[in-house]
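Okay, structure first, notes after.
The values are calculated or read from the model by the stated rules, or taken from the named source; none is laboratory data. Just so you know, these numbers come straight off a predicted model, no measurement behind them. So basically every Cβ, Gly included, is an ideal-geometry build from the backbone, and we count neighbours across all protein chains shown.
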Amino acid sequence: MTDNALLSGSVSALRQQLRDRAVSSEELTRACLERIEACNGKLNAVITMCSELAIDSARAADKAIAKGDFGSLTGIPLLHKDIFCTDGVRTTCGSRMLEQFVPAYDATVVSKMKAEGAVMLGKCNMDEFAMGSSNETSFFGTVKNPWDLNCVPGGSSGGSAAALAAGMAPLVTGTDTGGSIRQPASLCGVTGLKPTYGRVSRLGIIAFASSLDQAGPMARTAEDCAIALTAMAGIDAGDSTSADLPVPDFHAGLNHDIQGLRIGLPREYFNDDLDPEVRERVMTALSVLEQAGATLVDIELPHSHYAIATYYVIAPAEASANLARYDGVRFGYRCDEPVDLEDLYLRSRSEGFGEEVQRRILVGTYALSAGFYDAYFNKAQQVRRVITEDFTRAFDRVDVIAGPSAPGIAFPFGAKQQDPVAMYMEDIYTLAVNLAGLPGLSTPAGLINGMPVGLQLIGKPFDEQTILNAAHRLQRDTDWHLARPQLEALAP
Amino acid sequence: MSWETVIGLEVHLQLATQSKIFSGSATVFGAAPNEQADAVDLGMPGMLPVLNEEAVRYAVKFGLGIGARIGERSVFDRKNYFYPDLPKGYQVSQFFAPIVCEGVFEVALEDGTLYPIRITRAHLEEDAGKSVHDAFSRETGIDLNRAGTPLLEIVTEPDFRSAEQAVAYLKALHSLVTYLGISDGNMAEGSMRCDINISLREKGSDALGTRTEIKNVNSFRFVERAIHSEYERQADILDNGGSITQETRLYDAEQNVTRSMRSKEVANDYRYFPEPDLLPIVIDAEYIESVRATLPELPGAKRMRFTAEYGLNEYDAALLVPNHSLADYFESVVTAGGAAKPAANWILGDLTAALNRSETDITDSPVSAKQLAGLIVRIEDGTLSSKLAKQVFDALWAGEGDADQIIEARGLKQVSDSGALESMVEAVIAANPAQVAQYLAADEAKQKKLSGFFVGQIMKASKGQANPQMVNELLLLKLNDQS
């Protein structure tokens, strides 16, 4: 088997090859590790590699496979976003604050995937504390988009998306608080799923905004996302907000049949602000689904335009508290020679956090302050309910809501960095989904000027199956998801 | 000017759950620093709280115990502030929707009258850790064993008008929570800490004056003294035409003064908002009833029953009931056959004195309830005089066996055999002719006094075992026979 076949194979195909003993996990793992070593200098997608650990796990997987004893991911190499705590492996969250932080515990997602036999290769770069849409806020440097090294990969799970697109691993994890899986998936031409809030345990995931954070898989196909989601999901006694619902076998639930599927197109997404080329790609993808038996329905999400304002009150407010624990006292970055307690706090946090993180802490602190709480936080909570009701009403008429994943293609470094609001607009189509706690995925819908564009499909609460199935059908009828950047150009 | 004191209290009650409110760590007092702190208590990245259901049940028990309304849907909030012993940079508390809502707690004053105190609310929260300033030179240690310990903060309306009322409330509260079994109430270990809000106003006025808050007072006596001292301070300021600054103060027990805690008069902005990591606590009627079914008899009801069922006076009942173990001991004595009134007297008298002397808790009393009952039975049936009874009690305390064994071993049986007593009386009369003559010559009042001499001689001759009542009767008879 050629390295290229290994490095562009889907989880479902590789899984079959592993089980057929056509390839060993060790071979596959070594191929991925070599690929990371070859390309990471250019891409900076991986912060921490754990090669030895990976080889050990791969060998263990090979033994298990030889015995016919395998889980859903046995032997499959995997990269985790560096927001998932990994026992004994440095977990930075893209921040100087946690540059040296080595947890003594695995996130539930990590232990679940480990239990299914996945082989962890390392940890992916990301925007600092998941705050960003371009991966430019990472303390460990920007991640390059493998489709164009002058462009951002999106964020905050930019390292994960870039690594996946560059063939470093067939499966990566991400988290999505306002679009952080779907937007980079769109910009890097991969499939990314943000599950329903509560579907996947948040335990061991470094918190950004607790009521919005949700972990999900990114992979080369919707089918792979279905396999990975089944492994990741489920109630966790350690996360009170995880949902006490049975987890279906999402992979077994795929069937290509979307006959009669009603897909809603919100007017607010397809208005004049939408880039014409993005509209064209998204509509083309939707027409494929229409031909497969789906009906397109014109719907309204009348409060969509409040989503950004609402999100940028709630998320920073929660973040301002979640990030208070990084005070230089117990773990994480501590400034040199603090003269007193206030100096310890002030300098540890000023030196340990980057600009965007500090900006959001300040915004959140302000929104919760006496005299502003009602005007900002409380109002935002009310609007959040209204936005959720918009979706609830729309889902009376349709099964899935569709739109773009991002307003455009990957943009050059620095293009939006000086203008936070322009950067926040990157998530205009994704934020509301987090506010409403709904599942959403991004699947490739072709290229613009050689750069990928994503179609977003939004589902009813806990109905990941339907959006996965629609994407699965789209990926049978089209080959956009098979488009790959020039892998050769990435290696030196 | 004549000032009226207006006081409201906030009590932080440590709940006696096995583990912490949001983690599995133990809550035992006195463990080595940080041995009872896990990743959740340390606020490690990615860690999440999981609510301890036992803490909820204890809070509901308390609410039912004071007849308060239980919040159908209570919510945890984050209270944000930076402090080294607050690991997450926020305390999880309940601000907007507490678990226990308004109620009225009737406090029995010493004379048995009930004084109603309005409870504003009681809410669940986690305790912070402890900063240790004396363990290292020039450095402060942080001990997070206490971080995450469940607290119930119980807030009253400003319904107290004196330190004595405040202390009576605290004692009644202490009694209630130990009855409910929701707290050990150990004040020395910080299980019950009190913040005192105090202001003065002109007698007869309805308006509230500017208050100060005295933080973290941890004994009944200190509460009383802190209030008195703060009253003096505020009255002095007001008498001199000054005004009170709203501020937080600390009570210095050694100097018996309160001191301002913060130099800056900046109000803390805690930026409360709903804790997104925890679901609201939803409590339905069924749950409330299931908790209600587990409530023990509470102090108020027990006091009434003790007076009605055992004929105790209010005073004795009020002394027996607050300590659950003492009340149980009393009932065990009665169940074992001891008459109620003497049982109360012995328990509140000699037994309590002995326990206090040896700093022993009633639950570890060397004299069992059954043994005390055995003693009381022998007093009631005339076997023991009260004088002998004290001897027997001391022997019981020393572990010399049951009352009957001691009486037997020491030959302490009271002599009530009239034949034997008669001969003793006669022998004493015969041996003291001069005193007899003196007695016969005296008037009635003097005779009474002089008879004491003969009683004393007879008791001495009987080694204290003669039944004094019978001796008196026989003596009178025999002396009058002499005339």
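Here's the yes/no breakdown for (1) among the hydrophobic types (A, V, I, L, M, F, W, C); (2) touching a residue at least 24 places away in the same chain (Cβ under 8 Å); (3) closer than 24 Å to B:A339 by Cβ:
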position	(1), (2), (3)
B:I379	yes, yes, yes
B:G382	no, yes, yes
B:F393	yes, yes, yes
B:G399	no, yes, no
B:R410	no, no, yes
B:V415	yes, yes, yes
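Can you give me the number of residues within region A:390-445 that are under 17 Å from A:Q214 (Cβ atoms), under 20 Å from the mean Cα position of the chain (by Cα) and not acidic (D, E)?
Qualifying residue count, region A:390-445: 15.
Considering B:I227, B:I283, B:I244, which residue is touching a helix residue (DSSP H, G or I) at 6+ places or on another chain (Cβ under 6 Å), in the same structural domain as B:Y90 (by TED's automatic domain parsing), of a type in the set (A, V, I, L, M) and buried (at least 19 other Cβ atoms within 10 Å of the Cβ)? Before the answer, list the steps.
Details: B:I283 fails: touching a helix residue (DSSP H, G or I) at 6+ places or on another chain (Cβ under 6 Å); B:I244 fails: buried (at least 19 other Cβ atoms within 10 Å of the Cβ).
Exactly one residue qualifies, and that residue is B:I227.
When only residues in region B:132-155 that are modelled with pLDDT under 90 and polar (S, T, N, Q) count, which is farthest from B:G67 (Cα to Cα)?
Applying the filter and picking the extreme gives B:S137.
How many residues does region A:96-128 contain that are within 22 Å of A:L362 (Cα to Cα) and within 10 Å of chain B (Cβ to nearest Cβ)?
Total meeting the criteria: 2.
Determine whether region B:316-328 contains at least one residue that is under 30 Å from B:S199 (Cβ atoms), without any contact (Cβ under 8 Å) to a residue 60 or more places away in the chain and acidic (D, E).
No, that holds for no residue.
Can you find a residue that is crowded, with 17+ Cβ neighbours inside 10 Å and within 12 Å of chain B (Cβ to nearest Cβ) anywhere in region A:285-304?
The answer is no, given that none of the residues of region A:285-304 is crowded, with 17+ Cβ neighbours inside 10 Å and within 12 Å of chain B (Cβ to nearest Cβ).
Restricting attention to region A:309-328, does a residue exist that is over 27 Å from the mean Cα position of the chain (by Cα), buried (at least 17 other Cβ atoms within 10 Å of the Cβ) and within 14 Å of another protein chain (Cβ to nearest Cβ)?
Yes, there is a match, as at least one residue in region A:309-328 is over 27 Å from the mean Cα position of the chain (by Cα), buried (at least 17 other Cβ atoms within 10 Å of the Cβ) and within 14 Å of another protein chain (Cβ to nearest Cβ).
What are the residues in region B:121-151 that are within 13 Å of chain A (Cβ to nearest Cβ) and basic (K, R), if any?
B:R138
Taking the criterion of being crowded, with 21+ Cβ neighbours inside 10 Å, on the phi > 0 side of the Ramachandran plot, part of a loop (DSSP other than H, G, I, E, B) and within 14 Å of another protein chain (Cβ to nearest Cβ), would at least one residue in region A:204-211 satisfy it?
The answer is yes; a qualifying residue exists.
If A:G122 satisfies all but one of (1) under 22 Å from A:E223 (Cα atoms); (2) in contact with a Ser or Thr (Cβ under 8 Å, 6 or more places away or on another chain); (3) outside any loop (DSSP other than H, G, I, E, B); (4) not aliphatic (A, V, I, L, M), what's the number of the condition it fails?
If we test A:G122 against (1) under 22 Å from A:E223 (Cα atoms); (2) in contact with a Ser or Thr (Cβ under 8 Å, 6 or more places away or on another chain); (3) outside any loop (DSSP other than H, G, I, E, B); (4) not aliphatic (A, V, I, L, M), just (1) comes out false.
So if I check each of A:E136, A:E52, which one is in a loop (DSSP other than H, G, I, E, B) and not β-branched (V, I, T)?
Residue meeting the stated conditions: A:E136.
Can you tell me how many residues within region B:405-431 are in contact with a helix residue (DSSP H, G or I) (Cβ under 8 Å, 6 or more places away or on another chain) and at pLDDT 90 or above?
Qualifying residue count for the region: 1.
Please tell me if A:I387 is at pLDDT 95 or above, touching a helix residue (DSSP H, G or I) at 6+ places or on another chain (Cβ under 9 Å) and farther than 25 Å from A:P217 by Cβ. Steps first, please.
Values: at pLDDT 95 or above: yes; touching a helix residue (DSSP H, G or I) at 6+ places or on another chain (Cβ under 9 Å): yes; farther than 25 Å from A:P217 by Cβ: yes.
Answer is yes for this residue.
Of all residues in region A:334-358, which are away from every other protein chain (no Cβ under 14 Å), assigned to a loop (DSSP other than H, G, I, E, B) and closer than 15 Å to A:L323 by Cβ?
Passing the criteria: only A:G354.
Would it be correct to say that A:D239 is touching a Ser or Thr at 6+ places or on another chain (Cβ under 9 Å), of a type in the set (D, E), crowded, with 23+ Cβ neighbours inside 10 Å and more than 18 Å from A:C93 (Cα to Cα)?
no
Tell me whether region A:153-168 contains one or more residues that are surrounded by 24 or more Cβ atoms within 10 Å (Cβ to Cβ), of a type in the set (S, T, N, Q), in contact (Cβ under 8 Å) with a residue 12 or more places away in the chain and within 14 Å of chain B (Cβ to nearest Cβ).
no
Just checking, which of B:A128, B:A108 is under 30 Å from B:A163 (Cβ atoms), under 23 Å from the mean Cα position of the chain (by Cα) and among the small types (G, A, S)?
B:A108
Looking at B:D277, B:D269 in this structure, which one is in contact with a strand residue (DSSP E or B) (Cβ under 9 Å, 6 or more places away or on another chain), in a loop (DSSP other than H, G, I, E, B) and at pLDDT 95 or above? It would help to see each step written out before you state the result.
On the way: B:D269 fails: at pLDDT 95 or above.
Sole residue among the options that is in contact with a strand residue (DSSP E or B) (Cβ under 9 Å, 6 or more places away or on another chain), in a loop (DSSP other than H, G, I, E, B) and at pLDDT 95 or above: B:D277.
Considering region A:1-36 alone, what residues qualify as being modelled with pLDDT of 95 or more, surrounded by 15 or more Cβ atoms within 10 Å (Cβ to Cβ) and hydrophobic (A, V, I, L, M, F, W, C)?
A:V11, A:A13, A:L14, A:L18, A:V23, A:L28, A:A31, A:C32, A:L33, A:I36
How many residues are away from chain B (no Cβ under 14 Å) and either part of a loop (DSSP other than H, G, I, E, B) or within 16 Å of A:S160 (Cβ to Cβ) (or both) if we restrict to region A:232-251?
9
For the subset of region B:286-303 comprising residues that are in contact with a helix residue (DSSP H, G or I) (Cβ under 8 Å, 6 or more places away or on another chain) and outside any loop (DSSP other than H, G, I, E, B), which member is nearest to B:A168 (Cα to Cα)?
B:P299
Just wondering, is there one or more residues in region B:123-137 that are part of a strand (DSSP E or B), closer than 22 Å to A:D239 by Cβ and out of contact with any Phe, Trp or Tyr (no Cβ under 9 Å at 6 or more places or on another chain)? Spell out how you get there, then give the answer.
Quick first cut of region B:123-137, residues part of a strand (DSSP E or B) only: B:123-126, B:130-136.
So of that shortlist, the ones also closer than 22 Å to A:D239 by Cβ come out as B:124-126.
Filter once more, keeping what is out of contact with any Phe, Trp or Tyr (no Cβ under 9 Å at 6 or more places or on another chain): none.
Within region B:123-137 (the criterion being part of a strand (DSSP E or B), closer than 22 Å to A:D239 by Cβ and out of contact with any Phe, Trp or Tyr (no Cβ under 9 Å at 6 or more places or on another chain)), the answer is no, since none of the residues qualifies.
Within region B:402-440, take every residue that is under 18 Å from B:I376 (Cα atoms) and β-branched (V, I, T) and give me the one that is surrounded by the fewest Cβ atoms within 10 Å (Cβ to Cβ).
This residue is B:V415.
Could you tell me whether any residue of region A:47-58 is crowded, with 24+ Cβ neighbours inside 10 Å, within 14 Å of chain B (Cβ to nearest Cβ) and within 20 Å of A:G204 (Cα to Cα)?
no
Looking at (1) touching a strand residue (DSSP E or B) at 6+ places or on another chain (Cβ under 6 Å); (2) at pLDDT 95 or above; (3) of a type in the set (D, E, K, R), which is the only condition B:D328 fails?
(1)
Taking region A:458-483 on its own, how many of its residues are among the hydrophobic types (A, V, I, L, M, F, W, C) and in contact with a Lys or Arg (Cβ under 7 Å, 6 or more places away or on another chain)? Let's see the steps before the verdict.
Taking region A:458-483 as the starting set, the residues that turn out to be among the hydrophobic types (A, V, I, L, M, F, W, C) are A:458, A:462, A:467-468, A:470-471, A:474, A:480, A:482-483.
With the extra rule that they be in contact with a Lys or Arg (Cβ under 7 Å, 6 or more places away or on another chain), the set shrinks to A:462.
Summing the residues that are among the hydrophobic types (A, V, I, L, M, F, W, C) and in contact with a Lys or Arg (Cβ under 7 Å, 6 or more places away or on another chain) in region A:458-483 gives 1.
Tell me yes or no: at least one residue of region A:62-85 is in contact (Cβ under 8 Å) with a residue 24 or more places away in the chain, touching a Pro at 6+ places or on another chain (Cβ under 7 Å) and closer than 30 Å to A:D327 by Cβ.
yes
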